[in-house]
1. Might you check whether a residue that is of a type in the set (S, T, N, Q), in contact (Cβ under 8 Å) with a residue 60 or more places away in the chain and not in a strand (DSSP E or B) occurs anywhere in region 74-82?
2. Please identify the pairs in which a residue from region 9-22 that is more than 11 Å from SER90 (Cβ to Cβ) and without any contact (Cβ under 8 Å) to a residue 60 or more places away in the chain has its Cβ atom under 8 Å from the Cβ atom of a residue that is of a type in the set (A, V, I, L, M) and surrounded by fewer than 23 Cβ atoms within 10 Å (Cβ to Cβ), counting only partners at least 6 apart or on another chain.
3. Those residues that are over 19 Å from HIS139 (Cβ atoms), touching a helix residue (DSSP H, G or I) at 6+ places or on another chain (Cβ under 9 Å) and in a helix (DSSP H, G or I), I need them from region 23-50; list them, please.
4. Can you tell me which residues in region 163-180 are without any contact (Cβ under 8 Å) to a residue 24 or more places away in the chain and either over 17 Å from PRO66 (Cβ atoms) or part of a strand (DSSP E or B) (or both)?
5. Could you list, in sequence order, the residues of region 96-145 that are within 21 Å of VAL15 (Cα to Cα) and in a loop (DSSP other than H, G, I, E, B)?
6. Looking at the structure I just gave you, is VAL160 over 23 Å from ALA75 (Cβ atoms), touching a Leu at 6+ places or on another chain (Cβ under 8 Å) and assigned to a helix (DSSP H, G or I)?
7. Just to be sure, is GLY69 closer than 19 Å to ASP18 by Cβ and within 15 Å of the chain's Cα centre (by Cα)?
8. When only residues in region 1-36 that are of a type in the set (Ser, Thr, Tyr) and surrounded by 17 or more Cβ atoms within 10 Å (Cβ to Cβ) count, which is nearest to SER84 (Cα to Cα)?
Amino acid sequence: MSGRIAIFDLDGTLVDSDAALVAPFLALGVDPDEISFGHVLADECDRLGIELDAYLEAYDPSIAQPFAGVEAMLAGLDEWSVCSNKQPASGRAELARLGWTPRLALFSDAFAGPKQLAPLLEHLGVDGDAVVFVGDTDHDRACAEVAGAPFLLAGWNPRVRPRRGDIVLDDPAEVADHLR
């Protein structure tokens, strides 16, 4: 078994979900230049002046697809988990549709505000140094830092913007190199 456990953000890290996330906003009349990523959905809906329920009704969980190499990478892991700001119903639907079975998947209902690694670490019974957190946003980076977990930037997502000191992975297969 690997020395560390991989924990992944879902949208923008495991799945290329930009089109799926943007489509409901566009359908509800939001200017595409106003849409941003990496936030708690309820906060983003409030910011954009739309109802969360209307967004969720317009969201199609079948649109998001795995980034190239993600399925093979996940199949090669002994265990892995998900920590995501995604709404639980759509997050679980996407995991089920893809046939993915993480050890644990926590979504927005598990956090008081934006996602945090602490509840997941508690469920797993480990400290931050026993995991790596793979994500695509500044918030993901901050989550890892607060928990004392190494952060790996999902560089296979063309939208990511590295910061000084980031470990940027170009291919999902590289995650395994950081679990030893």
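1. Step one: of region 74-82, the residues of a type in the set (S, T, N, Q) are 81.
Checking which are in contact (Cβ under 8 Å) with a residue 60 or more places away in the chain leaves us with 81.
Cutting the leftovers down to not in a strand (DSSP E or B) gives us none.
Scanning region 74-82, I find no residue that is of a type in the set (S, T, N, Q), in contact (Cβ under 8 Å) with a residue 60 or more places away in the chain and not in a strand (DSSP E or B), so the answer is no.
2. Cβ pairs passing all conditions: ALA19/ILE63; VAL22/ILE35.
3. ALA23, PRO24, LEU26, ALA27, PRO32 - these are the residues of region 23-50 that are over 19 Å from HIS139 (Cβ atoms), touching a helix residue (DSSP H, G or I) at 6+ places or on another chain (Cβ under 9 Å) and in a helix (DSSP H, G or I).
4. Going residue by residue through region 163-180, those that are without any contact (Cβ under 8 Å) to a residue 24 or more places away in the chain are 164-165, 167-168, 170, 174, 177.
Matches in region 163-180: ARG164, GLY165, ILE167, VAL168, ASP177.
5. As a first pass, look at region 96-145 and keep what is within 21 Å of VAL15 (Cα to Cα): 96-110, 114-117, 120, 131-144.
Listed by number, the residues that qualify are GLY99, TRP100, THR101, PRO102, ARG103, PHE107, PRO114, LYS115, GLN116, LEU117, ASP136, THR137.
6. no
7. Values: closer than 19 Å to ASP18 by Cβ: yes; within 15 Å of the chain's Cα centre (by Cα): no.
Spelling it out, it is not the case that GLY69 is closer than 19 Å to ASP18 by Cβ and within 15 Å of the chain's Cα centre (by Cα).
8. To start, the set of residues in region 1-36 that are of a type in the set (Ser, Thr, Tyr) comprises 2, 13, 17, 36.
Now restrict to residues that are surrounded by 17 or more Cβ atoms within 10 Å (Cβ to Cβ): 13, 17.
Values: THR13: 10, SER17: 13 Å.
Only one residue tops the list, namely THR13.
The values are calculated or read from the model by the stated rules, or taken from the named source; none is laboratory data. None of the values given here were measured: they were computed from a predicted structure. Glycine gets a Cβ as well: all are built from the backbone with ideal geometry, and neighbour counts include every protein chain shown.
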